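The values are calculated or read from the model by the stated rules, or taken from the named source; none is laboratory data. From a predicted model like this one, the values you see are computed outputs, not experimental measurements. When we count neighbours, we look across all protein chains shown, and the Cβ atoms used for this are built from the backbone with ideal geometry, even at glycine. Side chains included, ligands, DNA and RNA excluded: accessible areas come from the protein's heavy atoms. Shrake-Rupley method; radii C 1.70, N 1.55, O 1.52, S 1.80 Å.
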Amino acid sequence: MATIFRITAIKTYAVWVGIRNQLLVKVETDQGVFGWGESGLSGREKAVVGAIEHYTEFLLGKDAFAAGAIWQELYRSQYFEGGRVLQAAISAIDLALYDIKGKALGVPVYQLLGGKQRDVIPTFASTYGEPGPAMIEQAQMLIEHGWNAMRLSPSGHENKDIYEPRETIAKTAKWLIKAREMLGDEVVLGIDLHHRFSVAEAASFCQKLPSGTLDFLEEPIRDETPEAYEALRKMTEIPFAIGEEFASKWQFLPYIERDIHQFNRIDVCNVGGLTESMKVAGWSEAHYVDMMPHNPLGPVCTAATVHFCAAVANFSWLETRASPAETHLGFDNSEFFPVQPRLQGSVYPVCDLPGLGVEVNEALIAKQSFKFWEAPHLKRRDGSVTNW
């Protein structure tokens, strides 16, 4: 009979890495094989830890190989199913189960997803300076280091407390036009508006850009109302890249089925792990929507996403926060993660180590104390609250 790897413990570590916390989750089995996962709900780690404590009560003793059945039980085990906190918890557990299975079978996780379709994973990098000469210099530096796809910086970071969307539109548009002129037509250029705009504001922004200035527009407005995105879709020709905050295949449903967007910014640590990500990828492939994964966390997220990108057909670029333009972030701390995906130029080689291919210094992270991190609470000049 085949050996059953039964879950014996689930441990959570909310660890300060670089400029904010990473929530790492370790699932242990009675065969001595363990796996690592990561939650994507930055800034609300304690809520996810609480959800995982609830799940642990009935996961102990389960077959760690049964990721699909466990996913369904985690999702359906409460009347109030779904939501970003629960899905972030499910995501971390699901990734750890894939790590366990890969290690137990001696194969990299991409083999569990159908095998790899590419040997390296192209990435896009991001500038961080305000739109202006510094932003363009950073973009030129990235091109020199091998990047042919990048996300340029929006304006509005000068004041960390006040954000007025209308005040940023003209300045950002002006420097995006200049960037296209100086960087040329070969490089792929996009921008992340971080869902800070209304439909009218986003339309005004897009209409200030000549055709061909941008290759993708990321998260221009909030996602709760697909009809609002459909209205914006009619006002601009720029391809949309959205979905990083989506917490299930059902959130993707209207966007895929109505052909609203062109790039899925799926986050394996938010959407429900690799189990859910592969379903979204197949669905997207049928609608010619490319996967452009969100990857702002740590090496566990990066490793899991690299395996995902290797295994799907409809892939464009993977986000990286480890480019020469963002070394200040420190998300890939080598002391905490002695074995992790490493950029080679602008690509991640697909790892052939068993499991996810990440090693975590558990003794060291266990010594770290949790630090509260709160995203900026932005207000408009009239005192009302606006989006970060």
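If you scan region 237-259, which residues turn out to be in a loop (DSSP other than H, G, I, E, B), over 20 Å from the mean Cα position of the chain (by Cα) and of a type in the set (D, E, K, R)?
Filtering region 237-259 down to residues in a loop (DSSP other than H, G, I, E, B) leaves 237-239, 243-248, 258-259.
Keeping just the survivors that are over 20 Å from the mean Cα position of the chain (by Cα) gives 237-238, 258-259.
Selection gives Glu237, Arg258, Asp259.
Go through region 350-362 and report how many residues are part of a loop (DSSP other than H, G, I, E, B) and open to solvent by less than 60 Å² (accessible area, probe 1.4 Å).
Just the residues of region 350-362 that are part of a loop (DSSP other than H, G, I, E, B), to begin with: 350-354, 356-358, 360-361.
Filter once more, keeping what is open to solvent by less than 60 Å² (accessible area, probe 1.4 Å): 350-351, 354, 356-358, 360-361.
Final tally of qualifying residues: 8.
Within region 232-270, restricting attention to residues that are among the hydroxyl-bearing types (Ser, Thr, Tyr) and more than 19 Å from Ser91 (Cα to Cα), which residue is least open to solvent (accessible area, probe 1.4 Å)? Write out each step before concluding.
Quick first cut of region 232-270, residues among the hydroxyl-bearing types (Ser, Thr, Tyr) only: 236, 248, 255.
Now narrow it down to the ones that are more than 19 Å from Ser91 (Cα to Cα): 236, 255.
Details: Thr236: 19, Tyr255: 3 Å².
So the residue we want is Tyr255.
When only residues in region 22-49 that are touching a Ser or Thr at 6+ places or on another chain (Cβ under 7 Å) and of a type in the set (S, T, N, Q) count, which is nearest to Val300 (Cα to Cα)?
Among residues in region 22-49 that are touching a Ser or Thr at 6+ places or on another chain (Cβ under 7 Å) and of a type in the set (S, T, N, Q), the one nearest to Val300 (Cα to Cα) is Ser39.
So the check is Cβ under 9 Å with 6+ separation or different chains; which pairs have a first residue in region 362-386 that's at positive phi and touching a residue at least 60 places away in the same chain (Cβ under 8 Å) and a second one that's aliphatic (A, V, I, L, M) and surrounded by 10 or more Cβ atoms within 10 Å (Cβ to Cβ)?
none
Taking Pro338 as the residue in question, decide whether it is out of contact with any Phe, Trp or Tyr (no Cβ under 9 Å at 6 or more places or on another chain) and open to solvent by less than 50 Å² (accessible area, probe 1.4 Å).
Working: out of contact with any Phe, Trp or Tyr (no Cβ under 9 Å at 6 or more places or on another chain): yes; open to solvent by less than 50 Å² (accessible area, probe 1.4 Å): no.
Answer is no for this residue.
Tell me which of these Ala200 doesn't satisfy, since it passes every other one: (1) small (Gly, Ala, Ser); (2) open to solvent by 10 Å² or more (accessible area, probe 1.4 Å); (3) part of a helix (DSSP H, G or I); (4) touching a residue at least 12 places away in the same chain (Cβ under 8 Å).
(4)
Taking the criterion of being within 23 Å of Phe308 (Cα to Cα) and either β-branched (Val, Ile, Thr) or part of a loop (DSSP other than H, G, I, E, B) (or both), would at least one residue in region 222-236 satisfy it?
Within region 222-236, the subset within 23 Å of Phe308 (Cα to Cα) is none.
Scanning region 222-236, I find no residue that is within 23 Å of Phe308 (Cα to Cα) and either β-branched (Val, Ile, Thr) or part of a loop (DSSP other than H, G, I, E, B) (or both), so the answer is no.
Tell me which of these Glu53 doesn't satisfy, since it passes every other one: (1) within 26 Å of Pro354 (Cβ to Cβ); (2) assigned to a helix (DSSP H, G or I); (3) of a type outside the set (S, T, N, Q).
Only one criterion in (1) within 26 Å of Pro354 (Cβ to Cβ); (2) assigned to a helix (DSSP H, G or I); (3) of a type outside the set (S, T, N, Q) is unmet by Glu53, namely (1).
Touching a strand residue (DSSP E or B) at 6+ places or on another chain (Cβ under 7 Å), of a type outside the set (Phe, Trp, Tyr) and surrounded by fewer than 24 Cβ atoms within 10 Å (Cβ to Cβ): is that true of Asp290 in this structure? Reasoning before the result, please.
Working: touching a strand residue (DSSP E or B) at 6+ places or on another chain (Cβ under 7 Å): yes; of a type outside the set (Phe, Trp, Tyr): yes; surrounded by fewer than 24 Cβ atoms within 10 Å (Cβ to Cβ): yes.
Criteria met by Asp290.
Check Ser284 against each of (1) surrounded by fewer than 20 Cβ atoms within 10 Å (Cβ to Cβ); (2) not in a loop (DSSP other than H, G, I, E, B) and name the one condition it does not meet.
For Ser284, the failing item is (1).
What pairs can you find where one residue is in region 117-139 and closer than 18 Å to Gly345 by Cβ, the other is part of a helix (DSSP H, G or I) and open to solvent by less than 50 Å² (accessible area, probe 1.4 Å), and their Cβ atoms are less than 6 Å apart, with a gap of 6+ or different chains?
Arg118/Ala310; Ile121/Val306; Ile121/Cys309; Ala125/Leu142; Thr127/Met135; Thr127/Gln138; Thr127/Ala139; Ala139/Leu183
Filter region 309-333 down to residues that are touching a helix residue (DSSP H, G or I) at 6+ places or on another chain (Cβ under 8 Å), under 11 Å from Met292 (Cα atoms) and outside any loop (DSSP other than H, G, I, E, B) and give me whichever is least open to solvent (accessible area, probe 1.4 Å).
Here the residue is Leu318.
Considering only region 339-350, I want to know if a residue exists there that is over 24 Å from Ala88 (Cα atoms), touching a helix residue (DSSP H, G or I) at 6+ places or on another chain (Cβ under 6 Å) and not basic (Lys, Arg).
yes
Would you please name the residue that is most open to solvent (accessible area, probe 1.4 Å), looking only at residues in region 363-378 that are modelled with pLDDT of 95 or more and touching a strand residue (DSSP E or B) at 6+ places or on another chain (Cβ under 7 Å)?
Ala366
Can you tell me which residue within region 367-388, out of those that are assigned to a loop (DSSP other than H, G, I, E, B) and among the charged types (D, E, K, R), is nearest to Gln22 (Cα to Cα)?
To start, the set of residues in region 367-388 that are assigned to a loop (DSSP other than H, G, I, E, B) comprises 367-378, 380-384, 386-388.
Retained after the next criterion (residues that are among the charged types (D, E, K, R)): 367, 371, 374, 380-382.
Working: Lys367: 14, Lys371: 11, Glu374: 13, Arg380: 30, Arg381: 33, Asp382: 35 Å.
Among those residues, the one meeting the criterion is Lys371.
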